[in-house]
Amino acid sequence: MTVYKGYMKILKQNKGLILLYMVIFFSVTMMFQSVAKNDITGNYQAESVKIGVVDSDGGPLARGLISYLEHFHKVTLLADDTAVMQEKLFYRDIEYIVRIPSGFFDTCIVNGQKLSVTKVPGSYTSFYVDQQINNFLNNAHTYYAAGFSEKEAAEASKTPSTVKVNLLDTTGTAGAIPSFVYYYRYVPYLFLSVLCYVMGNILAAFRRGDLPKRMQASAVSTHRQNTESLLAAATIAIILWAITIIASLLFYHDTLINHAGFIYYLINSLMMLLVALTISYLVGLITTNSNMLSGVVNVISLGMCFLCGTFVPLEYMNSGVKTAAQFLPVYWYEKTNDLLAQFGSITGEVRMEVLQALGIQLVFAVTFVCIAMAISKRKRTV
């Protein structure tokens with residue numbers, strides 16, 4: 001097992017590099033997972049705006065408008081002092097100012113004039129407040145047209161109407177994305193980076209100096225040398241995969257194990273591991289020094305991860321980029337990952353799509369093996 005031991009010895013020499021990428025992987029995963037959770041929560045949360053109200057009317061409708069806005073925002077009553085209002089806007093103590101004129105009901109409801117408002121320049125929240133004020137005024141005008149008095153219209157309009165919405169869960173996930181989805185999304189970067197660097201350094205070491213000639217002249221047959229090389233490469237890959245899976249089970253445990261797509265996550269990560277291993281062997285054959293290896297690995301790992309949905313989700317990419325990404329194996333890994341996250345039950349057409357993506361990854365792995373064998377054969381004959 002001389003060749004196998006040689007692989008393991010070089011692996012130990014690169015343990016610092018492996019540890020570095022593991023730390024980067026876990027750090028990036030946890031960071032992006034935290035950011036993604038915050039974004040999802042914020043997307044469906046109403047924004048509260050700091051509103052200042054200058055009430056020159058004091059009538060029932062004016063009080064009704066203030067009460068209506070207080071359901072959504074933090075409302076502060078202001079004196080009609082331009083200098084004070086400008087100062088509060090400048091320091092962002094107030095983001096939106098509403099001036100309610102004297103004779104508010106007659107001016108805005110009977111005669112249909114608009115309220116005077118002042119906004120922070122470039123603030124998108126101002127459109128949100130505009131819409132709410134328009135809703136209040138439209139409701140009050142409707143009540144007035146129906147014969148309501150000012151007090152009655154104000155009383156009927158000051159409370160926002162609520163609508164009960166029943167969501168139809170067509171995917172079986174209740175609209176929730178499991179937290180471990182973000183963990184598995186970044187797995188390709190870890191596999192590609194670690195395996196390409198490690199295998200590249202190992203293969204470079206075995207091509208250094210007179211070692212290739214000594215191996216050809218040794219008593220160990222070429223067949224056995226190749227077998228030990230494959231066994232060593234498989235050992236390295238399985239150790240990396242095992243660490244990744246065990247870490248995910250420690251982080252997510254019951255949530256991951258009880259998920260309907262748990263087995264598919266394991267198979268998908270295995271397919272990605274196989275693809276990364278074949279790519280790493282190919283990289284090790286075409287690189288001749290550490291500088292070249294570093295450049296090639298960065299281009300392959302970062303390039304595929306950016307284009308195929310690892311760092312930027314596929315849903316945010318335009319059709320042209322996604323079409324080009326289909327010619328790369330990481331795209332099909334991420335597509336499988338997204339399908340497993342989207343559906344709580346992996347059956348029927350969803351199962352067929354998942355199996356198709358897994359099969360395409362396997363085809364990529366076989367293709368890379370064939371290319372590597374052709375390059376290796378050419379190098380031996382030159």
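No lab work stands behind these numbers, since they all come straight from the coordinates. Computed from a prediction, not measured in an experiment: that's the story for all the values here. Every residue, glycine among them, receives a Cβ derived from its backbone with ideal geometry; neighbour counts consider all protein chains shown.
Please work out the Cα center distance from segment 96-163 to segment 328-356, rounded to the nearest Å.
49
From the gyration tensor of the Cα coordinates in segment 275-382, what semi-axes in whole Å does the equivalent ellipsoid have, largest first, with each one equal to sqrt(5λ)? All intermediate terms of the calculation are to be shown ahead of the outcome.
On the way: eigenvalues 184, 60, 20 Å².
Semi-axes from the Cα gyration tensor: 30, 17, 10 Å.
What ranking do 129-138, 76-85 get when scored by the average of other Cβ atoms within 10 Å per residue, highest first? Intermediate results must be reported in sequence, preceding the final value.
Details: 129-138: 16.3, 76-85: 11.6.
Averaged packing, sorted descending, gives the order 129-138, 76-85.
Quick one: what are the phi-derived ³J(HN,Hα) couplings along segment 326-342, Karplus 6.51/-1.76/1.60 with θ = phi - 60°, whole Hz, x for glycine and proline?
5, 8, 10, x, 5, 4, 6, 5, 5, 5, 4, 4, 5, 5, 5, 6, 7
Can you tell me which of 298-304, 248-254 comes out highest on packing, and rank the rest after it, using the mean Cβ neighbours within 10 Å?
In decreasing order of mean packing, 298-304, 248-254 become 298-304, 248-254.
For segment 227-292, just list the percent of Cα-Cα distances falling in each 10 Å bin from zero outward, please.
Histogram of Cα-Cα distances, whole percents per bin: 18, 40, 27, 13, 3.
For each pair in K119/K158; K88/K158; K88/K114; K74/K114; K88/K119, compute the distance between the two Cα atoms and list the pairs where it is over 19 Å. Walk me through the intermediate numbers first.
Numbers: K119/K158 23 Å; K88/K158 27 Å; K88/K114 23 Å; K74/K114 22 Å; K88/K119 11 Å.
Among K119/K158; K88/K158; K88/K114; K74/K114; K88/K119, the Cα-Cα distance tops 19 Å for K119/K158; K88/K158; K88/K114; K74/K114.
Mind pulling the per residue volume of the convex hull built on the Cα atoms of segment 265-323? Å³ is fine. Mind dumping the intermediate values first?
On the way: hull volume 6.0 nm³, N = 59.
Taking only Cα atoms, segment 265-323 has a hull volume of 102 Å³ per residue.
How large is Rg over Rh for segment 65-140, taking Rg from the Cα atoms and Rh as the Kirkwood inverse mean of 1/r across Cα pairs?
Working: Rg = 12.7 Å, Rh = 13.3 Å.
Ratio value, two decimals: 0.95.
So, by mean Cβ neighbours within 10 angstrom, what's the order for 230-239, 315-324 with the highest one leading?
Working: 230-239: 16.7, 315-324: 11.1.
Highest to lowest by the protection proxy: 230-239, 315-324.
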